[in-house]
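A short reminder: the numbers here are calculations on the coordinates, not readings from a lab. What you see is a predicted model; the values in this text were computed from it and never measured. Positions of Cβ are backbone-derived with ideal geometry, glycine not excepted, and every protein chain shown enters the neighbour counts.
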Amino acid sequence: MLRDITIGQYYASESVIHRLDPRVKVVATFVYIISLFCFDQLSGYIIAALFFGCMVKLSKVPFKFITRGIKPIIFMLIFTAALNLLWTSGEHILIKAGFITITVEGVKKMVFMALRLIFLIIGSSLMTLTTTPNQLTDAIESLFKPLNKVKVPVHEIAMMMSIALRFIPILVEETDKIMKAQMARGADFESGNIIQRVKNMVPIFIPLFVSAARRASDLALAMDARCYHGGEGRTKMKPLKYKKPDIIAYLVMFGYICIIITAGKFLPI
Amino acid sequence: MRPFIKAENVVHEYSRRDEEGNVTDINRALDGVDIEVTAGDFVAVLGANGSGKSTFAKHLNALLVPTEGTLYVDGKDTSDHNNDLKIRQTAGMVFQNPDNQIISNIVEEDVGFGPENIGVPTEEIWRRVEESLKNVEMYEYRKQSPNHLSGGQKQRVAIAGIMAMKPNCIILDEPTAMLDPEGRKSVIKTVRELNKKENITIILITHYMEEVTAADYVYVMGSGQIKMRGTPRQIFARSEELTKYKLTIPEVTKIALELIKKGIQIPKDILYVEELTNALLKLKMHQ
């Protein structure tokens, strides 16, 4: 049952977006998220939605994969929407019942805030859907390289991330095995209240941690044996290189942020 | 000719310390090991659990250094840490657990990990990855995730990862202990082929008797010492001694020895099923 978990759900396809350098995608996502906070009127949302729609079309990722990302945050979405609705004061009162006051401004703010959150989530899920975890860590390593100067071990952090990704399925499988072994010995993970259930998980986590530590020590030895000695003097099998489409993508992003900012300043609604 | 590996009276002690850092317990895992391996040989080191064979393997890769004595790999002293990278490049090591030695999510990237570490240029890495994956017959799996491979296949990927560093020697520390019979066969076949075709020195550490029949030379370890040395035939002919070190001879040899005990006249050093059949057929013809 635990085997179905996928992390960083990559949607394999051949598209312009998939082929882009992962660094471009990370930067573009970041720019897109910033752009969402550069305006406060309807026209901005329309531009952002149109732009996003074009990107999804280009990426060939089915739309339902992208909206799937919203599901886990639905509660947060409702919560923030309700807060915005109830706590925004304004002149045009819509409903007044006891201590609850709903204003036109409140409704407007609620809708915009919810839209902003949705765009934020689906925008970043488009990135994870079109980039493999390994490419992502490569991009992070390369983008944060300047931090090396202030003694941040960027290469090592990226290496840890990619190893963690490699071991997720192995540890998931192991958890499954331990759970089954404990169940065969009469353990019960399904009944009782929450505290009871959490307590019942202890016999799973302890062997899991022990085995993870053992694996880590084995892996460190294997890495040593294969001459790993940190990022120094290391070459890359798949080095990141900007190509023409990547430069075009950067220009497109630049154009987009310019349009959004001007729209935010000058368009009335 | 200079031996490729030369161990002179190698001693290794694991010491256990209490909270103040005082040594409370000393465990002598290696106790005066002398071994010489010629380049291009296929050498097997046999031993039961706790015989010190894995500790010895780690010495060959400079992952551990001798407490006493010296060990030279390709003429380089392993106790000098400046030699570490050179030694690990010339004498690569494959470990027991296939999952815990594969670093990347994609087979080809994992094979490229070693060359990346030693600073091989990008195009050359791709060439080596292709060559070594073809050598272990895993080329068609290069784009896959190692999680979807069988144990034997993973172990072959690990061997390819070592081969991509262009070593002269591969040390395999119980590479088949966690595999099914099919995977075991495929790994041993690959190792034998590398030894024959690429002239790679192989040091196979194991406790499976069937795997050492193909070796040029066998060392038997027990409680940290080399107890027996010789060709596989010489070793298996001394079955009583082997049982003393908690090792059992291959089934065929066992049957042959039992037959000899019953007074049937066949050679004492039988290793393969065909050999036994031939010997018995010959006997029948004579009658």
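Descriptive notes on the structure:
- Label point distance in nm, A:GLU190-A:LYS149, each placed 7 Å from Cα along Cα→Cβ: 5.9 nm
- Cβ-placed point charges (K, R +1; D, E -1), dipole of chain A about Cα centre in debye, nearest 20: 420 debye
- Based on Cα contacts under 8 Å between residues 6+ apart, the range A:3-157 shows a relative contact order of 34 percent.
- Sorted by Cβ density within 10 Å, fewest first, the residues B:VAL65, B:VAL220, B:VAL107: B:VAL65, B:VAL220, B:VAL107
- The share of Cα pairs per 10 Å bin across the range A:147-225, counted from zero up to the longest distance, runs 15, 34, 26, 16, 7, 1 percent.
- Only lysine pairs 8 or more places apart or on separate chains count here, and in the range B:136-230 those with Cα atoms under 30 Å apart total 21.
- Close amide H contacts of B:MET228 (hydrogens built in the peptide plane, cut-off under 5 Å, sequence separation of 5 or more or a different chain): B:VAL220.
- Placed amide H near B:TYR217: partners under 5 Å, 5+ positions off or other chain: B:PHE42, B:ALA44
- A straight chain from A:LYS57 to A:ASP176 at 0.36 nm per residue would run longer than the Cα-Cα distance by 39.0 nm.
- Over the protein assembly as shown, all Cα pairs binned in 20 Å intervals from 0 give whole-percent P(r) values of 16, 39, 28, 13, 4, 0, listed from short to long.
- The slack between B:LYS143 and B:ASP77, meaning 0.36 nm per residue of separation minus the straight C-alpha distance, is 19.9 nm.
- Between helix B:122-135 and chain B: long-axis angle, C-alpha atoms, 0 to 90°, nearest 10: 20 degrees
- Summarising the strand pairing of the range B:145-287, around 50 percent of its internal DSSP beta bridges are antiparallel.
- Using the Cβ-Cβ distance between A:ILE168 and A:CYS38 with R0 set to 30 Å, the FRET efficiency from 1/(1 + (r/R0)^6) comes to roughly 0.25.
- Top positive-direction residue, dipole computed over the range A:25-153 with Cβ charges, set A:THR130, A:TYR45, A:ILE70: A:THR130
- Convex hull of alpha carbon positions in chain A: directionally averaged projected area 21.3 nm².
- Dipole in debye (nearest 20) - the range B:5-249, about Cα centre, beta carbon charges: Lys, Arg +1; Asp, Glu -1: 700 debye
- Axial C-alpha extent at least 18 Å, average Kyte-Doolittle at least -0.5 - helices from chain A (DSSP): A:22-35, A:42-59, A:74-87, A:104-130, A:154-184, A:194-225, A:244-266
- Here's the list of lysines a cross-link from A:LYS109 could span, going by alpha-carbon distance under 27 Å and ignoring same-chain residues fewer than 8 apart: A:LYS64, A:LYS71, A:LYS96, A:LYS265.
- Qualifying lysines (Cα of each under 23 Å from Cα of B:LYS282; at least 8 residues distant if same chain): B:LYS254, B:LYS261, B:LYS262, B:LYS268
- Selected from B:LEU30, B:LEU63, B:LEU71 as most flexible by GNM, with chain B as the system and alpha-carbon contacts under 10 Å: B:LEU63
- Centroid-to-centroid, using Cα positions, the range A:69-146 and the range B:126-181 are 47 Å apart.
- Cross-link pairs A:LYS177/B:LYS134; B:LYS53/B:LYS76; A:LYS25/B:LYS86; A:LYS57/A:LYS177 - those with Cα-Cα distance over 32 Å: A:LYS177/B:LYS134; A:LYS25/B:LYS86; A:LYS57/A:LYS177
- Label-to-label distance for B:GLN234 and B:ILE255 is 2.8 nm, based on points extended 7 Å past Cα in the beta-carbon direction.
- Calculated over the range B:5-249, the projected area of the Cα convex hull averaged across directions stands at 14.0 nm².
- Expressed in Å, the radius of gyration and Dmax of the Cα atoms of the range A:41-183 are 21.9, 64.
- Residues whose amide H lies under 5 Å from that of A:THR103, counting only those 5 or more places away or on a different chain, are A:LEU94; hydrogens are built 1.01 Å from N in the peptide plane.
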